[in-house]
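Q: I have a structure here, written as structure tokens, and I will follow up with some questions on it.
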Amino acid sequence: MDFLPISFYRPGHQAQGTPMRDLLSYMLQDELGFPVTTHALQHRKRETPEKWHKSFRLDGFHPDEVKVSVSDGMVRIKARHERGDEDNRDVREATRTLKIPAGVDQGKVHCFMDHDNHYVVEAPFIPKEEDQEMELKIEDVPKAITQGDEDMQVAEAGQPFKESLDLSVFEPDHINVKRKGNIISVSADHDKEEDGIRVSRSFRREFTVPEGMDCSQVKVCRDPEGRLTIMAPTRPEEDDK
């Protein structure tokens with residue numbers, strides 16, 4: 001069984017904010033012309049990964065005498081202290097068992113001892129699917145032989161949410177589309193030499209998929225003329241209303 005190493009101090013403890021540190025940071029940002037707004041602080045707070053943690057005391061045990069292991073959804077803490085010689089030995093032991101809640105990343109459990117001599121076991125929660133950024137595949141729509149944009153019209157039929165972009169100046173492999181929750185971000189970068197001149201192009205755009213749309217079924221299509229179309233259907237429960 002593998003045991004987790006125990007840190008004496010919490011990783012990043014020195015970098016944690018204090019009232020004086022926050023005040024100095026604010027003054028510096030303001031002096032440089034980049035004031036820290038309430039919105040920015042709230043946004044930064046939302047980006048901080050949420051963690052599960054438990055703290056406990058094990059008085060009379062040195063960190064080297066404490067062993068922590070993780071298996072079968074449980075954190076097991078065992079402490080053993082010995083003193084004396086072979087003829088007269090005093091042994092003290094303590095054990096604790098913590099159940100890891102659902103949704104916690106068991107592979108990232110770690111243990112440390114803080115400045116108050118508390119042992120802390122913590123691990124980040126597994127990000128929810130809607131909070132994870134995922135790359136969307138760009139599907140090519142073949143050019144119809146006789147009907148012009150017929151194929152694109154068929155692909156767009158029944159899609160209440162639709163946004164179109166003219167990205168004809170970019171090659172398909174220069175375009176990147178990602179989704180995080182109901183936010184769709186489109187980026188494209190192009191850098192090559194044209195007629196002896198180095199030409200660089202960049203494109204950035206974000207869309208918010210309205211409520212009632214099924215973000216998990218977002219599709220991205222690109223027609224032969226370079227028009228990129230982002231589509232999303234309504235949620236099944238919305239269709240039934």
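The values are calculated or read from the model by the stated rules, or taken from the named source; none is laboratory data. Just so you know, these numbers come straight off a predicted model, no measurement behind them. Neighbour counts are summed over all protein chains in view; Cβ atoms, including those assigned to glycine, are modelled from backbone coordinates with ideal geometry. These area figures cover heavy atoms from the full protein model, side chains too; ligands, DNA and RNA do not enter into them. Shrake-Rupley method; radii C 1.70, N 1.55, O 1.52, S 1.80 Å.
Q: Could you list all residues from region 82-102 that are open to solvent by less than 40 Å² (accessible area, probe 1.4 Å) and either in contact with a Lys or Arg (Cβ under 7 Å, 6 or more places away or on another chain) or without any contact (Cβ under 8 Å) to a residue 40 or more places away in the chain (or both)? Let's see the steps before the verdict.
A: Initially, region 82-102 is screened for residues open to solvent by less than 40 Å² (accessible area, probe 1.4 Å), giving 94, 98, 100.
Listed by number, the residues that qualify are 94, 98.
Q: Look at residue 65 and say whether it is touching a His at 6+ places or on another chain (Cβ under 6 Å) and either modelled with pLDDT under 80 or not aromatic (Phe, Trp, Tyr) (or both).
A: On the way: touching a His at 6+ places or on another chain (Cβ under 6 Å): yes; either modelled with pLDDT under 80 or not aromatic (Phe, Trp, Tyr) (or both): yes.
Judged against the criteria, residue 65 is a match.
Q: While we're looking at this one, here's another question. Output the residue which, of all residues in region 105-141 that are out of contact with any Asp or Glu (no Cβ under 9 Å at 6 or more places or on another chain) and of a type in the set (A, V, I, L, M, F, W, C), is most open to solvent (accessible area, probe 1.4 Å).
A: So, considering only residues that are out of contact with any Asp or Glu (no Cβ under 9 Å at 6 or more places or on another chain) and of a type in the set (A, V, I, L, M, F, W, C), the one most open to solvent (accessible area, probe 1.4 Å) is 134.
Q: Going by what's in this entry, would residue 163 be described as assigned to a strand (DSSP E or B) and acidic (Asp, Glu)? It would help to see each step written out before you state the result.
A: Details: assigned to a strand (DSSP E or B): yes; acidic (Asp, Glu): yes.
Taking the combined requirement at face value, the residue satisfies it.
Q: Return the residues of region 194-238 that are on the phi > 0 side of the Ramachandran plot and free of Cβ contacts under 8 Å to residues at least 60 places away in the same chain; say none if nothing qualifies.
A: Going through region 194-238, the residues on the phi > 0 side of the Ramachandran plot turn out to be 195-196, 212, 226.
Matches in region 194-238: 195, 196, 212.
Q: Kindly establish whether residue 38 is at pLDDT 50 or above, surrounded by fewer than 10 Cβ atoms within 10 Å (Cβ to Cβ), β-branched (Val, Ile, Thr) and within 29 Å of the chain's Cα centre (by Cα).
A: On the way: at pLDDT 50 or above: no; surrounded by fewer than 10 Cβ atoms within 10 Å (Cβ to Cβ): yes; β-branched (Val, Ile, Thr): yes; within 29 Å of the chain's Cα centre (by Cα): yes.
No: the conditions fail for residue 38.
Q: Continuing with this model, one more query. Among the residues of region 94-139, write down those that are within 30 Å of residue 227 (Cα to Cα) and of a type in the set (Lys, Arg). So that I can check it myself, show each step before the final result.
A: Residues of region 94-139 within 30 Å of residue 227 (Cα to Cα): 129-139.
Selection gives 137 alone.
Q: Looking at region 207-234, which of the residues that are loosely packed, with under 13 Cβ neighbours inside 10 Å and farther than 19 Å from residue 137 by Cβ is nearest to the chain's Cα centre (by Cα)?
A: My answer is 208.
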